[in-house]
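Engineer: Here it is, the structure in full.
The values are calculated or read from the model by the stated rules, or taken from the named source; none is laboratory data. Here the structure is a predicted model, which means the values were calculated and not measured. Neighbour counts are summed over all protein chains in view; Cβ atoms, including those assigned to glycine, are modelled from backbone coordinates with ideal geometry.
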Amino acid sequence: MTAPAEILAVFARAPELGRVKTRLCPPFTADEAVRFHRALLEDTLDHLGKLNRPDLSRVLLLSRPLLQATDLDVPRGWMVGIQSPGDLGAKLSSFFNGAFRRETRRVVVLGCDSPTLPLEVVDDAFEDLSRVDVTLGPAADGGYYLIGARLFLPDLFRGISWGTENVQRQTRAVLDRLGHRYHLLVPWYDVDRPPDLEKLREEIGYLRRAHPELVPRRTAAALPDLEDSEFSLGPEFE
């Protein structure tokens with residue numbers, strides 16, 4: 001089988017009670033956290049499915065197999081696989097290594113916690129990789145919401161303090177040390193902690209008024225009290 005020229009991958013936890021969005025409990029109950037996680041993931045897959053690039057392959061990498069096929073609605077056009085064992089670095093390293101061993105030219109990986117990320121940003125990430133070795137989407141919490149590469153760089157995934165505010169800084173330090181060219185995309189945010197919920201409420205409130213076709217409908221349904229939200233993203237997103 002011929003390898004795809006480009007791969008877009010989403011890394012996500014399987015929707016299981018007590019294993020997802022635990023940092024949002026409270027305000028969510030465990031049941032609500034699972035519903036919210038599933039909404040984020042399904043909206044992300046729908047949204048990214050609209051990215052129009054020739055020779056693009058889409059793959060969802062779950063943390064473990066689904067308990068039931070009905071636990072997740074995966075749109076057509078997405079292949080589903082299981083992440084490799086180990087920490088996030090090991091999982092990413094294994095995936096990038098496998099993709100480039102198949103002679104894929106450009107690989108971009110995202111999580112499922114940024115359902116309103118403009119498609120133009122993802123498209124820019126692929127375009128960047130015609131000029132630089134790595135592209136990063138810096139997240140407001142100090143990590144990154146997206147990483148893309150055009151070659152396998154195992155050191156990118158070693159010695160990183162995953163899940164901390166140091167991830168982006170450490171990753172950029174590795175790239176600087178190795179002398180690889182990279183580009184930073186626009187800053188964005190992940191929905192991981194209670195303050196992120198208000199930011200998401202505000203943005204969905206704005207989208208409902210200005211661009212209703214871009215509203216992540218499942219995510220919006222999982223968030224209460226959207227009607228009173230006002231749009232006011234911080235300066236890091238302007």
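Engineer: Restricting the search to segment 1-27, which residues are of a type in the set (D, E, K, R) and in contact with a His (Cβ under 8 Å, 6 or more places away or on another chain)? Explain how you work it out, then say what you get.
Structural biologist: Let us first name the residues in segment 1-27 that are of a type in the set (D, E, K, R), namely 6, 13, 16, 19, 21, 23.
The answer is Arg13, Lys21.
Engineer: I'd like the full set of residues that are in contact with a Lys or Arg (Cβ under 6 Å, 6 or more places away or on another chain) and under 19 Å from Leu61 (Cα atoms), limited to segment 20-29. It would help to see each step written out before you state the result.
Structural biologist: Of segment 20-29, the ones in contact with a Lys or Arg (Cβ under 6 Å, 6 or more places away or on another chain) are 20, 23.
Of everything in segment 20-29, just one residue is in contact with a Lys or Arg (Cβ under 6 Å, 6 or more places away or on another chain) and under 19 Å from Leu61 (Cα atoms), namely Val20.
Engineer: Out of Pro85, Pro54, Pro75, I need the residue that is at pLDDT below 95, out of contact with any strand residue (DSSP E or B) (no Cβ under 6 Å at 6 or more places or on another chain) and not in a helix (DSSP H, G or I). Which one?
Structural biologist: Values: Pro85 fails: at pLDDT below 95; Pro75 fails: at pLDDT below 95.
The match here is Pro54.
Engineer: Could you list, in sequence order, the residues of segment 1-19 that are of a type in the set (Gly, Ala, Ser) and either touching a Lys or Arg at 6+ places or on another chain (Cβ under 6 Å) or in a loop (DSSP other than H, G, I, E, B) (or both)?
Structural biologist: Residues of segment 1-19 that are of a type in the set (Gly, Ala, Ser), as a first pass: 3, 5, 9, 12, 14, 18.
Within segment 1-19, Ala3, Ala5, Ala14, Gly18 qualify.
Engineer: Residues Glu213, Glu165, Glu203, Glu198: which one is free of Cβ contacts under 8 Å to residues at least 40 places away in the same chain and under 16 Å from Thr44 (Cα atoms)? If you could, list the steps in order and put the result at the bottom.
Structural biologist: Values: Glu165 fails: under 16 Å from Thr44 (Cα atoms); Glu203 fails: free of Cβ contacts under 8 Å to residues at least 40 places away in the same chain; Glu198 fails: under 16 Å from Thr44 (Cα atoms).
The conditions single out Glu213.
Engineer: Can you confirm whether Ala5 is among the hydrophobic types (A, V, I, L, M, F, W, C), over 26 Å from Asp133 (Cα atoms) and in contact (Cβ under 8 Å) with a residue 24 or more places away in the chain?
Structural biologist: Values: among the hydrophobic types (A, V, I, L, M, F, W, C): yes; over 26 Å from Asp133 (Cα atoms): no; in contact (Cβ under 8 Å) with a residue 24 or more places away in the chain: yes.
When the stated conditions are applied, Ala5 does not pass them.
Engineer: Another one. Filter segment 57-72 for residues that are without any contact (Cβ under 8 Å) to a residue 24 or more places away in the chain and not in a helix (DSSP H, G or I) and give the result.
Structural biologist: From segment 57-72, those without any contact (Cβ under 8 Å) to a residue 24 or more places away in the chain are 68-70; that's our starting set.
Answer for segment 57-72, where residues must be without any contact (Cβ under 8 Å) to a residue 24 or more places away in the chain and not in a helix (DSSP H, G or I): just Gln68.
Engineer: Within segment 135-182, can you find the residues that are within 22 Å of Ala5 (Cβ to Cβ), under 16 Å from the mean Cα position of the chain (by Cα) and of a type outside the set (Gly, Ala, Ser)?
Structural biologist: Applying the first criterion (within 22 Å of Ala5 (Cβ to Cβ)) to segment 135-182 yields 135-137, 146-153, 156, 180-182.
Cutting the leftovers down to under 16 Å from the mean Cα position of the chain (by Cα) gives us 135-137, 146-149.
Within segment 135-182, Thr135, Leu136, Leu146, Ile147 meet the criteria.
Engineer: Just name the residue that is nearest to Lys50 (Cα to Cα) out of those in segment 98-155 that are among the acidic types (Asp, Glu) and outside any helix (DSSP H, G or I). Even if it seems obvious, please write down each step before you answer.
Structural biologist: So the first thing to find is which residues in segment 98-155 are among the acidic types (Asp, Glu), and the list is 103, 113, 120, 123-124, 127-128, 133, 141, 155.
Applying the additional criterion that residues be outside any helix (DSSP H, G or I) yields 103, 113, 133, 141.
On the way: Glu103: 25, Asp113: 17, Asp133: 25, Asp141: 27 Å.
The residue in question is Asp113.
Engineer: Further question on the same structure: Is it the case that segment 179-189 has a residue that's within 24 Å of Phe28 (Cβ to Cβ) and charged (D, E, K, R)? If you could, list the steps in order and put the result at the bottom.
Structural biologist: First pass over segment 179-189, keeping only residues within 24 Å of Phe28 (Cβ to Cβ): 188-189.
In the following step, the residues that additionally are charged (D, E, K, R) were identified as none.
Looking through segment 179-189, none of the residues is within 24 Å of Phe28 (Cβ to Cβ) and charged (D, E, K, R).
Engineer: Picking from Leu92, Leu60, Leu66, which residue would you name as being at pLDDT below 95, in contact with a Leu (Cβ under 9 Å, 6 or more places away or on another chain) and of a type outside the set (S, T, N, Q)? Working first, answer last.
Structural biologist: Working: Leu92 fails: at pLDDT below 95; Leu60 fails: at pLDDT below 95.
Going through Leu92, Leu60, Leu66 in turn, just one is at pLDDT below 95, in contact with a Leu (Cβ under 9 Å, 6 or more places away or on another chain) and of a type outside the set (S, T, N, Q): Leu66.
Engineer: For segment 97-108, name all the residues that are crowded, with 23+ Cβ neighbours inside 10 Å and either modelled with pLDDT under 95 or under 15 Å from the mean Cα position of the chain (by Cα) (or both). Before the answer, list the steps.
Structural biologist: Taking segment 97-108 as the starting set, the residues that turn out to be crowded, with 23+ Cβ neighbours inside 10 Å are 99, 106-108.
Residues satisfying the conditions are Val107, Val108.
Engineer: Quick one: in segment 20-49, of everything that is assigned to a helix (DSSP H, G or I) and of a type in the set (Ser, Thr, Tyr), which residue is modelled with the highest pLDDT?
Structural biologist: Filtering segment 20-49 for residues assigned to a helix (DSSP H, G or I) gives 22-24, 30-48.
From the residues that got through so far, the ones that are of a type in the set (Ser, Thr, Tyr) too are 22, 44.
On the way: Thr22: 94, Thr44: 98.
Applying the filter and picking the extreme gives Thr44.
Engineer: How many residues are surrounded by fewer than 16 Cβ atoms within 10 Å (Cβ to Cβ) and more than 18 Å from Arg64 (Cβ to Cβ) if we restrict to segment 76-96?
Structural biologist: Going through segment 76-96 one residue at a time, the tally reaches 2.
Engineer: Collect the residues in segment 163-217 that are small (Gly, Ala, Ser), modelled with pLDDT of 95 or more and surrounded by 14 or more Cβ atoms within 10 Å (Cβ to Cβ), keeping them in residue-number order.
Structural biologist: Once the filter is applied, which keeps residues that are small (Gly, Ala, Ser), modelled with pLDDT of 95 or more and surrounded by 14 or more Cβ atoms within 10 Å (Cβ to Cβ), segment 163-217 yields nothing.
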